[in-house]
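The values are calculated or read from the model by the stated rules, or taken from the named source; none is laboratory data. Being a predicted model, the structure only gives us computed values, none of them experimental. We place every Cβ from the backbone using ideal geometry, glycine too, and count neighbours over all the protein chains shown.
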Amino acid sequence: MTRAIEEHPLTGYLRIDRVPHIWCEGCGLGILLNSFVQALKDLEFDMDKLVVVSGIGCTGRASGYIKSDAYHTTHGRAIAFATGVKVANPDLKVVVISGDGDLFAIGGNHFIHAARRNIDMLVICANNFNYGMTGGQLGPTTPIGSRTQTSPYGNIEQPFNLSALAACSGAVYVSRWTTLHVRRLTESIKKGIHKKGFSFIEVIAPCSTVYGRYNRLGDGLDMMNDLKEISVIKHGIYPTEATIEPGKEIVVGDFVDIEKPEYSDMVQAFIKEQMEG
Amino acid sequence: MSRKVLTGSYFVHGDWACAEGALAAGCKFYAAYPITPASEIAERMAVRLPQVGGAFIQFEDELGAMAAVVGASYAGKKAMTATSGPGFSLMQENIGLAIMTEAPCVVVDVMRGAPSTGQPTKAGQGEMMQVRWGSHGDYEIISLVPSSVQETFDLTVEAFNRSERYRIPTFVMVDGILGHMYERIEIPEPEEIDIVNRKKPTQTPEEYLPFKADEDLIPPMANFGDGYHFYSTGLTHDERGYPDMSIEVQDKLIRRLSDKIRRNEEKIIRIEEVDVEDAEILVVAYGIPSRSALKAVEQARAEGIRAGLLRLITAWPFPTRILEDLSSQLDAVIMLEMNYGQLVREVERAVKPTPVTFLPKLGEEPHKPDEILTAIRRCSG
Ligand SMILES: Cc1ncc(C[n+]2csc(CCOP(=O)(O)OP(=O)(O)O)c2C)c(N)n1
Ligand code: SF4
Ligand SMILES: [Mg+2]
């Protein structure tokens, strides 16, 4: 007998009983999730050893679709929670997937300190230049001049360059891609999962429903086409030089890949020393 | 010095006893942000945790420290933090997360008084209502109030046991005096210390529903890394742990989170009664003021006044029913607190219509036995 329904190749990695997901048509977040899960599959990653943590927001829902141990924290606290997990059980690989507002506005303090400590953790940020979930307000990455619900006359605040912030705070691996660069993004996620230390991947993801609409950027497909025109790959440049100006130029690539002693390893080393001593 | 339990006799302060109580209970993770008068707990934990195979981390703030404690709890470790007033306010957010996702953990508040920064080096009992209601939404918690250094050790062990048993954050509310006060304590042999560990699932990962409660309203808890591949969220969730915005699921979950404590109140509530049986005047106190109260009650009895002391050991759940039952025999109640009126409201509600005299203390100094005795005499006269 032939099987009537072919299984999706990523079924084993996803909570199929939670489909359909909550994301809008044309949203970049599905692509991000797909890349992440593809990376796990390519690596044949041991799902018993994975914990996915996220904060609150559209992106924050990602953890709920992955079939590993996963946790949906309060707004902004994903990295802090994940730090507790990693220090408590260093055998686990902890991945944080969350939004620009969650990780860099309300949770910004935890981001810079986790990077400074160099705790082993992969943080993937979907940067959609606004607060998608709450209806499209201004966020810490909203470009100057952009319209949002709370910058109706155009944003007057300077935005963060997230990759630069990560590098300057001490991250050992930093890369930036867009949801157009699926293959490259998947490769970076694989690297990030393998990298020992604080790793950061910024993913430019269209939010067509709110950000796109207020700024007349067309639908999801138009926004993807736009990304194709303006993104430039420049591997190895220091991220402070990696322009991020939506509508003009977005520099993507693998920016930082360095070695530094890792925090949870060092905690374990002195536990060993004290217990034997 | 790498012993987990430091059995023997020690002349130490409350913060030290609290740290050692945590270790005796099996605490293996501590995250905090320094604050007077709780810093000595962190300092002790920083020295001791690595010796017993545990991890200490100083966090960038109390928001993060509390979130990390919840994370460590989910990773299978007994986890604790300690703070004081301003830090306790910041922790409320993720205390709510611990309640909603049923993460066993212990939070110690070495209390001071006043809103904002207040008097950092002075003691108080300023967070007795905040501990009950500080996070948003409906919930129950357990909070314990030691009145001696020995009891600080004992109740910290107890706090871990209760948090593990009920999957709920449990609070040790130490007043700042006790935190810094030295007394002799006896630490028992490890075998003599009762330890409770969280209930583990007996189901296979395929069958496991992470928020399906047993008869006792408490769901068994798998740890991250155990192979159960479960999801947990601060959103209202069904038995699978999946977000659910229906009225039915909200109603069922919120009731269960409170009822798992309400139904066990009799087991959870602990008080100490001195001369209460035939008392007509009842002094109610907790923490350091209860020690002055004991002296005053003894003196009143020597004068022939039928006075008694009810000392709270658990502040929450509050022993409302016990006080209600006593109220018919009482002519007067005197309540002592090192604040401007917190638990006294609960006492008034419970003993109505018995009149309650409230003796507040603000700013470090606890009540003197004489002042309490004067109040007792006034009530009896
Ligand atoms: C303490 C707190 N404040 C505010 C909110 C409301 N809130 C929910 S999501 C969100 C912003 C999310 O933005 P981002 O992280 O960029 O995620 P996106 O939806 O864009 O993926 C806010 C402000 C909240 N949940 N908690
Ligand atoms: S609101 Fe924006 S970010 Fe959220 S799901 Fe819709 S398109 Fe995606
Ligand atoms: Mg966003």
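Some values worked out for this structure:
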| read-out | value |
| --- | --- |
| Residue match in the range B:206-219 (condition: within 14 Å of chain A (Cβ to nearest Cβ), surrounded by fewer than 18 Cβ atoms within 10 Å (Cβ to Cβ) and more than 22 Å from residue A:81 (Cβ to Cβ)) | yes |
| Cβ pairs under 7 Å, 6+ apart, first in the range A:222-241 and closer than 17 Å to residue A:204 by Cβ, second charged (D, E, K, R) and in a strand (DSSP E or B) | A:230/A:249; A:232/A:249; A:235/A:254 |
| Residues being under 26 Å from residue B:50 (Cβ atoms), within 16 Å of ligand 1 (Cβ to nearest atom) and without any contact (Cβ under 8 Å) to a residue 40 or more places away in the chain - total across the range A:72-87 | 4 |
| Among residues of the range A:116-155, those that are within 16 Å of ligand 1 (Cβ to nearest atom) and in a loop (DSSP other than H, G, I, E, B), counted | 19 |
| Residues satisfying the stated conditions in the range A:6-59, i.e. closer than 27 Å to residue A:83 by Cβ, in a helix (DSSP H, G or I), away from ligand 1 (no atom under 16 Å from the Cβ) and among the β-branched types (Val, Ile, Thr) | A:37 |
| Test for residue A:106: is it hydrophobic (A, V, I, L, M, F, W, C), modelled with pLDDT of 95 or more and within 14 Å of ligand 3 (Cβ to nearest atom) | yes |
| Some residue of the range B:253-262 being assigned to a loop (DSSP other than H, G, I, E, B) and either hydrophobic (A, V, I, L, M, F, W, C) or modelled with pLDDT of 95 or more (or both) | no |
| Matching residues, the range A:52-97, being away from ligand 3 (no atom under 14 Å from the Cβ), β-branched (Val, Ile, Thr) and under 15 Å from the mean Cα position of the chain (by Cα) | A:52, A:53, A:66, A:79, A:94, A:95, A:96 |
| Conditions (1) among the β-branched types (Val, Ile, Thr); (2) within 14 Å of another protein chain (Cβ to nearest Cβ); (3) buried (at least 24 other Cβ atoms within 10 Å of the Cβ): number failed by residue A:141 | (2) |
| Scope the range B:67-85; condition more than 8 Å from chain A (Cβ to nearest Cβ) and either surrounded by fewer than 24 Cβ atoms within 10 Å (Cβ to Cβ) or among the hydrophobic types (A, V, I, L, M, F, W, C) (or both); matching residues | B:80, B:82 |
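For (1) more than 8 Å from every other protein chain (Cβ to nearest Cβ); (2) among the aromatic types (Phe, Trp, Tyr); (3) surrounded by 24 or more Cβ atoms within 10 Å (Cβ to Cβ), each residue gets a yes or a no:
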| site | (1), (2), (3) |
| --- | --- |
| A:41 | yes, no, no |
| A:45 | yes, yes, no |
| A:53 | no, no, yes |
| A:82 | no, no, yes |
